[in-house]
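K.L.:
Structure incoming, see below.
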Amino acid sequence: MADGTRWRFALFIAGLVVLHFVLRVGLGLGVLAPDLLVIALLLASRRLRPGWAAGLGFVLGLLEGSANPTVFGAAGLSLSVVGYLGSRSREWLAGDDPVTMVAYFFAGTLLYEALVYVLLAMMGAGGSPMALLIPAFFASLYAAAVGLGASALYRTAVA
Amino acid sequence: MGHAVRSTVLYPVMAMERSASDRAGRYADAARLRAERDSLASFLVGQSNLAAENRELRSLLGFRPRLSYSFVPAETDRLAGPGSDGTLRLSAGTRDGIHSDAVLVTAEGLVGKVWKLGAESSIAIDWTHDRFAVAVMTVEGETYGIAKPVEGPHGERVLALTPVAFHTVPDSGSLVVTSGDGALFPRGIPVGRVIGQGKEPGGWQRTYFIRPLVAPSQMSHVLVLGDPQQGRSDADLAAAWGVRLTQAQVADTSARAVAPDAATPMARPAPRQVAPERPRPRRPARRDPTPELPGKPVYPTP
């Protein structure tokens with residue numbers, strides 16, 4: 001991570017995490033609010049090493065699981081995997097143009113939703129695949145759009 | 001661990017959630033609240049008359065007063081995210097006196113049960129959650145089974161009463177209440193009405209769809225049942241909803257939860273009445289009235 005923007009970037013990520021819990025839990029908006037936790041992790045993973053990104057994913061998953069006990073454990077594992085893969089994605093997804101970032105946010109959020117679904121299904125609480133597919137698709141699109149806006153906002157603030 | 005994180009790192013967010021929930025309750029639709037208040041008022045008036053009559057009759061018959069449960073009112077918020085369907089956050093916790101697996105009801109009927117306890121808030125699942133299951137019966141006590149959430153005939157979320165023995169055919173529209181089997185849900189709480197027959201699992205059993213009385217949109221305010229205030233824990237709650245059960249409670253209910261095929265409990269044949277054997281009249285032993293005389297005893301002739 002570049003030293004010049006390290007703290008500003010860390011504050012930006014922390015702000016996204018706080019905003020996620022304020023919107024989803026504090027104000028009770030639920031799925032009306034985008035999944036800023038995954039967006040924050042995907043953004044941070046682009047700057048962190050795979051191990052640190054997985055650790056950050058685990059911590060964020062712990063917070064998410066505490067706020068929503070249904071996904072306790074599943075969120076931690078899923079976000080760890082997403083963080084690790086997000087970090088490794090730099091090896092074959094180098095650019096950060098809008099199209100690439102949208103695809104990155106979309107794939108990352110969809111992967112997270114799918115992993116949580118599979119883990120919950122293994123624990124006997126998954127529901128039907130259609131119940132995953134349609135909401136997950138729209139949630140991923142929503143996250144991709146908001147993630148692109150957030151990264152653009154950060155670029156503007158830093159520049 | 002989740003509770004520790006909720007009460008430390010996430011404490012501001014949880015406090016904000018509670019106040020948002022309070023605000024939502026304060027600014028809820030006034031017309032709907034007024035309608036609910038009127039319904040509750042009429043319900044309470046009817047209940048007070050019934051309770052008074054019941055108390056008089058029971059006192060006449062020497063019965064104990066009608067059993068009742070304590071309860072804690074709570075507001076709910078739906079949890080969001082994958083796998084959170086049918087999960088509610090309650091605005092009450094152990095500090096309010098609710099306990100694990102406590103039952104959630106409204107004036108219409110059964111909502112669900114508490115899943116994870118917290119000090120100030122708890123997580124509950126309603127009847128739409130995949131892990132929800134309740135032992136139920138029809139009011140007349142002819143059909144018993146386990147009700148679980150499924151996709152209904154038109155894609156809507158309903159409960160499926162299964163397995164029901166093939167010879168048992170509950171009428172469409174029959175009221176289904178909790179049977180008290182398994183001792184998790186008290187007996188007599190209205191659950192829903194039978195709306196039709198589902199697919200037959202194997203030809204020997206039937207499945208029936210039940211439309212629950214409490215829709216997910218009607219779960220914003222619930223009552224969390226506590227312990228019975230007086231008497232036994234298997235108290236019949238049907239009277240609280242104005243439901244009269246025609247089937248007396250069976251003492252041993254554990255067998256039915258394991259084998260719900262026994263949809264219509266058969267009356268156990270009465271043991272054959274055998275006339276008790278009369279003791280033969282014993283002839284009194286003859287006693288020698290002249291023991292002082294040696295030789296052959298002399299009996300007086302009658």
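Taken together, the values in this text are just the output of simple stated rules run on the coordinates, not laboratory data. Just so we're clear, the structure is a prediction, and the values are computed from it rather than from any experiment. Cβ placement follows ideal geometry from the backbone for every residue including glycine, while neighbour counts extend to all protein chains displayed.
K.L.:
Could you list which residues have their amide H under 5 Å from that of B:ARG157, counting only those 5 or more apart in sequence or on another chain, with H placed in the peptide plane?
P.N.:
For B:ARG157, the qualifying residues are B:GLY152.
K.L.:
Here's a follow-up. At a 10 Å Cβ-Cβ cut-off, how would you order B:ILE146, B:ILE189, fewest neighbours first? All intermediate terms of the calculation are to be shown ahead of the outcome.
P.N.:
Numbers: B:ILE146 20, B:ILE189 25.
With the fewest neighbours first, B:ILE146, B:ILE189 line up as B:ILE146, B:ILE189.
K.L.:
Applying the Karplus parametrisation 6.51 cos²θ - 1.76 cosθ + 1.60 with θ = phi - 60° to the phi angles of the range B:168-184, what ³J(HN,Hα) value in whole Hz is obtained for each residue in order, glycine and proline being reported as x?
P.N.:
9, 10, x, 5, 5, x, 5, 7, 10, 10, 5, 8, x, 5, x, 6, 8
K.L.:
What order do you get for A:ILE134, B:ILE123 when you list them from fewest to most C-beta neighbours inside 10 Å? Display every interim value, and only then the final one.
P.N.:
Values: A:ILE134 10, B:ILE123 21.
With the sparsest Cβ surroundings first, the list reads A:ILE134, B:ILE123.
K.L.:
Please arrange B:GLU156, B:GLU151, A:GLU64 by counting, for each residue, the other beta carbons lying within 10 Å of its beta carbon, fewest first. Don't skip to the end; give the middle numbers.
P.N.:
Values: B:GLU156 10, B:GLU151 14, A:GLU64 28.
Least crowded to most crowded, the residues run B:GLU156, B:GLU151, A:GLU64.
K.L.:
Taking amide H atoms as placed 1.01 Å from N in the peptide plane, list the residues 5 or more away in sequence, or in a different chain, whose amide H sits under 5 Å from that of B:GLY112.
P.N.:
Under 5 Å from the amide H of B:GLY112 lie the amide H atoms of B:LEU104, each far enough along the sequence or on another chain.
K.L.:
Could you list the residues of the range B:1-24 with an amide nitrogen less than 13 Å from a label point located 7 Å from the Cα of A:LEU11 in the Cα-to-C-beta direction?
P.N.:
What the label zone holds, given the 13 Å backbone N cut-off, is no residue at all.
K.L.:
Let me ask something else about it. Search the structure for amide H atoms under 5 Å from the amide H of B:GLY118, placed 1.01 Å from N in the peptide plane, and list their residues when 5 or more places away or on another chain.
P.N.:
Here B:THR94, B:ILE123 satisfy the definition.
K.L.:
I need the phi-derived Karplus couplings for the range A:70-75: 6.51 cos²θ - 1.76 cosθ + 1.60, θ = phi - 60°, integer Hz, Gly and Pro marked x.
P.N.:
4, 9, 4, x, 5, 5
K.L.:
Additional query: Enumerate the calculated ³J(HN,Hα) couplings along the range A:32-46 in order (Karplus 6.51 cos²θ - 1.76 cosθ + 1.60, θ = phi - 60°), each rounded to whole Hz, writing x wherever the residue is Gly or Pro.
P.N.:
For the range A:32-46, the Karplus-derived couplings read 5, 8, x, 7, 5, 5, 5, 4, 4, 5, 5, 5, 5, 4, 5 Hz, x marking Gly and Pro.
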